[in-house]
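Chemist: What follows is a structure written as C-alpha cells; I'll ask about it next.
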Amino acid sequence: MKKVSYLLIIFVLFSNLNSLLAQETSGIIKYKAVMNEDFKNKSLEEFKKKKDVPPAIRKQVVDMYLNDEEDNYELHFKDQESYFHYIEKLKNENSSLSFGSKAGINDFYVNLKDQRIIEKSAMMGLLKYDGISWKVKNETKLIGDYKCFKAEGLEKKYMRDGTIEEEPVVAWFTPEIPLQFGPHSYNGLPGLILRIDKEESTIIATEIMLNPEEKIKIDAIKKDAKVRSRKEAYQIATEYYNDTYGN
C-alpha cells in the first residue's frame, strides 16, 4: 500500500509540474557547501604517504585541509531560467589558506525550456553540461521544514589522464516547492533541490526566498555564444598539462 501511494504521489508531481512552472515564479535560494569529513581524512592520509614533498609545502597542504571553510552560493531563478553563483569571501591579513568545500567556484546557467546547462569557467570559457538521469527513491528526510525525497544519479567526471569516470550523486528535493531548479548544475526533479551529497562535499540550502520584492535578473547565456563540450575542454586541458609537465 505504501509503495502504491508513493508512486501515485510521484506521478501526480510530474503531471502537474509543467502547469505549475508556467506560472510566473522567481526567487533566491542561498546554499552553503562543506567538505565531507570522511573525504578530508582520506585525502590527508593519502597525502601524508607521499615522501617527495618538501616539509614547507607538506605543512601548507595539511593546513589547507585542516582550515577548510564552507563556501556560500546563491541561486537566482525566474520563470524557466536560473543562475547559480559563488559568493566571494572577504579576505583579511589573518585569513588562512584553505581548500574550501571542494564544491567549486564556477557559475552555472540553466534554461529548462531550451534544456541548456552551461558552466562559466574562468580557464575554459563556457562548458555544456548534460542533465543527470535521476532515479527517485522511496526515502525521505526533513530539511528545515520541508519533506524531501531522495534521488540518485551518476555524473560524468573527466580525469586528467583523459579518462571518464561516473561519480555517484544524491539529491534531496521537496515537492512542496514544485520547481525543477537546484544548486550547481543539478536540476530536473519534480521539486526544488535542497541538498546535494557527493564524496567530496555536501551542498545544502540555508535560506529560501520565493517571489521577493527584489527584481530578479538572470545573467543569461546567449544562444549564439561559443560553448564547448566538457570532453573537448578537458582534452585541451590534458594536452596542456602533458606538454607543460610531461606525461
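Chemist: From the P(r) of region 119-241, can you give the percent of Cα pairs sitting at distances over 24 Å?
Modeler: Details: 2975 of 7503 pairs.
Percentage above 24 Å: 40.
Chemist: A further question follows. Could you tell me the distance between the Cα centroids of region 189-243 and region 47-116, to the nearest Å?
Modeler: 13
Chemist: With 25 Å as the limit, write out which pairs from K113/K226; K102/K128; K78/K198; K89/K223 have Cα-Cα distances beyond it, or answer none. Could you put the intermediate results ahead of the total?
Modeler: Working: K113/K226 19 Å; K102/K128 21 Å; K78/K198 27 Å; K89/K223 31 Å.
Pairs exceeding the cut-off: K78/K198; K89/K223.
Chemist: Now a separate question. May I ask you to list the aspartates and glutamates whose Cα is less than 18 Å away from that of K150, ignoring any residue fewer than eight positions away on the same chain?
Modeler: Within the straight-line cut-off, K150 pairs with E139, E167, E176, D197, E199.
Chemist: If you don't mind, there's one more thing I want to ask. Given a 1.4 Å probe and every protein chain left where it sits, what share in percent of the accessible area of region 32-87 is carbon and sulfur?
Modeler: On the way: 1670 of 3290 Å².
About 51 percent, which is the carbon plus sulfur part of the accessible surface.
The values are calculated or read from the model by the stated rules, or taken from the named source; none is laboratory data. Since the model is a prediction, treat every value here as computed from it, not as a measurement. Please note that ligands, DNA and RNA were not included when accessible areas were found on the heavy atoms of the full protein model with its side chains. Shrake-Rupley method; radii C 1.70, N 1.55, O 1.52, S 1.80 Å.
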